[in-house]
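Student: Just dropping this structure here.
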Amino acid sequence: MTDSNTNEHQPTPDGAAEAPAEHQDFLREMVQGDLAAGRISGVVTRFPPEPNGYLHIGHAKAICLNFGIARQFEGQCNLRMDDTNPTKEDVEYVDSITADVKWLIAGWADHCLGMKPVGRLPEKSDLGGREDYYQPPVMAAEGATGSASAPEAGDAPGGSEAPASPEPLEPFYASDYFEPLYEYAVELVRRGKAYVCDHTPAEVDEMRGAPHRPGQESAFRDRTVGESLDLLERMRAGEFPDAARTLRAKIDMSAPNVWLRDPVLYRIRHATHHHTGDDWCIYPMYDFAHGLSDYIEGITHSLCTLEFEVHRPLYEWILEALDLPRAHPRQREFARLNMTYTVMSKRKLLRLVQEEHVSGWDDPRMPTVSGMRRRGYPAAAIRDFCGRIGVAKSDNMVQVQMLEHCVREDLNPRAPRAMAVLRPLRVVIENYPEGHVEEMEAVNNPEDASMGTRLVPFSRVIYIEQDDFREVPPPKYFRLSPGKEVRLRYAYVIKCTDVVKDPETGEVVEVRATYDPATRSGMNPEGRKVKATVHWVSADHAIDAEVRLYGALFTAEDPEDVPEDGDFIDSLDPDSLETLTDCKLEPSLGAAVPGAAVQFERLGYFCADPEDSRPGAPVFNRTVTLKDAWARIEKKQGQG
RNA sequence: UGGGGCGUAGCCAAGCGGUAAGGCAACGGGUUUUGGUCCCGUGAUGCGUAGGUUCGAAUCCUGCCGCCCCAGCCA
């Protein structure tokens, strides 16, 4: 990483910062303004998930924002577990979150990822006669240079301390700051700005008042500093049961903003924490821990979602009440992402997993990062999507089509093509010699000649898609039907001469056809215009496979918007997964690498499932369909 | 009936007092051995609404309307 002191976004002599290259939003404008005004000398953001669930596309937006800003302004972005509630969190989640973040930013912003050596705790230093805690990052990417040093008073640490380290790294943890946080709490009490309150949860609730009615002061609000200090110490020592007492900020019980009505800072919770074990039985609340964690890490911009906007006065109150010596982080808020036909709340996603409506957090239908990865969505496409939807403050509902467009756009130029027949219909080419096999040359990607060509075997009996044949073709149907011709991709033009039906059901089970030897791929006779080209697989050479077709999980555009007596589960689409077990693939697909994208011509992008695909028993996931003009025509015909 | 936000095309979203970017979707057309890709074209006399200021307003002011968030010892 480059030393940020050479940052090109430093203020210029006339005080103006250089115009940024990426698309601008109000947050980047603020960051740029802070840089230009010299309020900060480098940018440090953070991505602070609570390890109580898997990351989803909404988190991806936050990741792209925070890492995107770090990248744009040559700063850093710390990955931090916001783990202050032991009863909800688990290491399973910290592991998945860490892996998902790394996957999402790989090749794009890994050089901005701030982590820290395993087990390292904040450094305590003396800053102008005052104690200070600082937890410097180590840039996770290779090639980090520089040396660590305690920042000076009044100066934000910026991205300039980034020591290279051979040590194993881990994310930051808010729980690594429990000791400093406790000391800050003690300091708040000493300053007369916090007190231990003995009211029960129900009393506290009752006394908080209502939005339009002032609250009532705690009976313990004015107890002496000494008494509060003693009680706080004993809370920590484990002398009291859960919920017996709390530490509260002393602000204003009549404040119109309820978060300023003496909010709870610490609660008693005799529980084992996934990261600190049984070291603590009191745990800090979000509002107390978050801003101070930001401060300890030298965060300059703390970006969160809109629902925290009303917490901002408290965020600032805590920092100011402690009169902290270094530059304070600034919290700003943006709108969270909502997307059609899916749910985004962790509670709902957890329910889908627990009630087994999906196979797990990484079910390809889930909007989770791991689900999208397994489905075959490239990280670059997700990033592109996040860039396109922008960052603003209005409530939004982005259409999934936008995401799918980004996936197709990323895959089209680089995914190799192959032929696969998902719902096979046998075609016998009557005038093609029995036992004869031709190797047809097929291009691997018409968008990129450098990807070369391959040979595909052709013979007398082939499979085509059931959908590519109609006994009675509807208007504008260009594909095969009795007496009609189609081109077989990379092979010949064939003509349907007859059909064989199941005597029981009347269903067409085989198509009889003849081919025209003069139409072999590459030699296109004049005046021979065939309206459609269909894909095919030689029956004798086909590989059998399972293919999983994924659609939207819900039938409702906004599943969260349920009627009063309803449940979002009710709008689950029972057909969101269709498993096809009799698929026929061209031989080259036998070598497919799990997770690697391939386009099944005319159908969509697919990838071998990383979990379930086996050599000899391939399983493919459909990542996304190709756009389908015929489907649209058909749909319109159905309506008209 | 308190506080904090937000209203620009079907969906996102620029716009920062000088006469409504861009993307997605949709719809036409062209190219095409993928009904894919690509290319061309089409959409707001209008910015929630009503007034006001101004030579000039989506941008400034005032009122009104609508939607979202906040009364966890969750984050």
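Just so it is clear, none of the values below were taken in a lab; they were calculated from the coordinates. Source: prediction; values computed, not measured. Positions of Cβ are generated from backbone atoms using ideal geometry, with glycine treated the same way; all protein chains shown enter the neighbour counts.
Student: Near the amide H of A:GLU50, under 5 Å away, which other amide H atoms are found, from residues 5 or more places off or on another chain, if H is placed in the peptide plane?
Tutor: A:ASP82
Student: Let me ask another. For a quick protection proxy, order the peptides A:412-419, A:226-233, A:379-386 by their average other-Cβ count within 10 Å, most packed first.
Tutor: On the way: A:412-419: 18.9, A:226-233: 16.5, A:379-386: 21.5.
Most protected by this proxy first, the peptides run A:379-386, A:412-419, A:226-233.
Student: Here's something else I'd like to know. Using DSSP to call loops (not H, G, I, E or B), can you name the trypsin sites (Lys or Arg not before Pro) in the stretch A:516-625 whose Cβ has at most 13 other Cβ atoms within 10 angstrom?
Tutor: Passing both the DSSP loop test and the Cβ count: A:ARG528, A:LYS529, A:LYS531.
Student: Report relative contact order for chain A in percent, whole number only (criteria: Cα-Cα under 8 Å, sequence separation at least 6).
Tutor: 11 percent
Student: Please identify every one of the trypsin sites (Lys or Arg not before Pro) in the stretch A:424-476 that sits in a loop by DSSP and has no more than 14 other beta carbons within 10 Å of its own beta carbon.
Tutor: A:LYS476
Student: What's the ranking of A:553-562, A:262-271, A:204-213 by average number of surrounding C-beta atoms within 10 Å, highest first?
Tutor: A:262-271, A:553-562, A:204-213
Student: Something else: What aspartates and glutamates could a cross-link reach from A:LYS102, if we take a straight Cα to Cα line under 17 Å and drop same-chain neighbours fewer than 8 places away?
Tutor: A:GLU50, A:GLU92, A:ASP110, A:GLU142, A:GLU170, A:ASP362, A:ASP384
Student: Can I ask one more? Express as a percent, rounded to the nearest 5, the fraction of DSSP beta bridges in the stretch A:264-334 (both residues included) that run antiparallel. Could the numbers behind the result be given before it?
Tutor: On the way: 4 of 9 bridges.
About 45 percent, rounded to the nearest 5.
Student: While we're looking at this one, here's another question. For the stretch A:168-325, what does the relative contact order come out to in percent, with C-alpha contacts under 8 Å and a separation of six or more?
Tutor: About 23 percent, as a whole number.
Student: Right, here's the next one. If you keep only loop residues by DSSP, which GluC sites (Glu not before Pro) in the stretch A:354-405 have at most 14 other Cβ atoms within 10 Å of their Cβ?
Tutor: A:GLU355, A:GLU356
Student: Need the list of aspartates and glutamates near A:LYS636 for cross-linking: C-alpha distance under 19 angstrom, and skip anything on the same chain fewer than eight residues off.
Tutor: Hits, sequence-local ones excluded: A:ASP467, A:ASP468, A:ASP628.
Student: Output ³J(HN,Hα) for the stretch A:497-506: one whole-Hz value per residue in order, computed from phi by the Karplus curve 6.51 cos²θ - 1.76 cosθ + 1.60 with θ = phi - 60°, and x for Gly and Pro.
Tutor: 9, 6, 10, 10, 10, 5, x, 6, 8, x
Student: For chain A, with only Lys/Arg (+1) and Asp/Glu (-1) charged at the beta-carbon, what is the dipole magnitude about the Cα centre, in debye rounded to 20? Intermediate results must be reported in sequence, preceding the final value.
Tutor: Values: 72 positive and 106 negative charges, 366 e Å.
The dipole magnitude comes to about 1760 debye.
Student: In straight Cα distance, which lysines are under 24 Å from A:LYS250, not counting same-chain residues fewer than 8 positions off?
Tutor: Hits, sequence-local ones excluded: A:LYS193.
Student: Let me ask something else. Counting only residues 5 or more places away or on other chains, whose amide H sits under 5 Å from the amide H of A:ASP516 once H atoms are built in the peptide plane?
Tutor: Hits under the 5 Å cutoff: A:VAL493.
Student: To continue, here is another question. Helix-only estimate, please: 222 nm mean residue ellipticity of chain A, summing -39500 (n - 2.57) across DSSP H runs of length 4 or more and dividing by its residues, to the nearest 500. Numbers along the way, then the final one.
Tutor: On the way: 13 runs with 146 residues, N = 640.
The per-residue figure over chain A is -7000 deg cm²/dmol.
Student: Could you list which residues have their amide H under 5 Å from that of A:THR453, counting only those 5 or more apart in sequence or on another chain, with H placed in the peptide plane?
Tutor: When sequence neighbours closer than 5 places are left aside, the close amide H contacts are A:ASN444.
Student: Let me ask something else. Once you have a ≥ b ≥ c as the square roots of the Cα gyration tensor eigenvalues for the stretch A:24-129, tell me rounded if a/c is under 1.5, and otherwise prolate or oblate according to whether a/b is larger than b/c. Intermediate values should be presented prior to the final figure.
Tutor: Numbers: a/c = 1.98, a/b = 1.23, b/c = 1.61.
Taking the square roots of the gyration eigenvalues as a ≥ b ≥ c, the stretch A:24-129 is oblate.
Student: How large is ³J(HN,Hα) for each residue in the stretch A:418-426, as worked out from phi by the Karplus curve 6.51 cos²θ - 1.76 cosθ + 1.60 (θ = phi - 60°), to whole Hz, x for Gly and Pro?
Tutor: With coefficients 6.51, -1.76 and 1.60, one gets 7, 10, 9, 10, 7, 10, x, 10, 6 Hz.
Student: Can you pull the one-decimal nm distance between simple spin-label points at A:ASP567 and A:LYS88, each 7 Å off the Cα toward Cβ?
Tutor: Output for this residue pair reads 2.2 nm.
Student: Of the beta bridges DSSP finds with both residues in chain A, what % are antiparallel, to the nearest 5?
Tutor: DSSP beta bridges in chain A are roughly 70 percent antiparallel.
Student: Grab the Cα-Cα distance for A:MET402 and A:THR555, subtract it from 0.36 nm times how many residues apart they are, and report the gain in nm with one decimal.
Tutor: Working: separation 153, 0.36 × 153 = 55.08 nm, distance 1.77 nm.
In short, 53.3 nm is gained.
Student: Taking Cα pairs under 8 Å and at least six residues apart, what relative contact order does the stretch A:432-578 come out at, in percent?
Tutor: Once divided by the residue count of the stretch A:432-578, the mean separation gives 19 percent.
Student: Under the rule a/c < 1.5 gives rounded, and otherwise a/b versus b/c splits prolate from oblate, where does the stretch A:381-423 land using the Cα gyration tensor?
Tutor: Cα axes put the stretch A:381-423 in the oblate bin.
Student: List the pairs from A:LYS88/A:LYS124; A:LYS476/A:LYS529; A:LYS495/A:LYS531 whose alpha-carbon separation is above 21 Å, in the order I gave them.
Tutor: A:LYS88/A:LYS124
Student: Still on this structure, I have one more. From the backbone phi of the stretch A:29-41, what are the Karplus-calculated ³J(HN,Hα) couplings (6.51 cos²θ - 1.76 cosθ + 1.60, θ = phi - 60°) in whole Hz, Gly and Pro given as x?
Tutor: Going residue by residue, I get 4, 5, 4, 4, x, 5, 5, 4, 7, x, 5, 9, 10 Hz, with x marking Gly and Pro.
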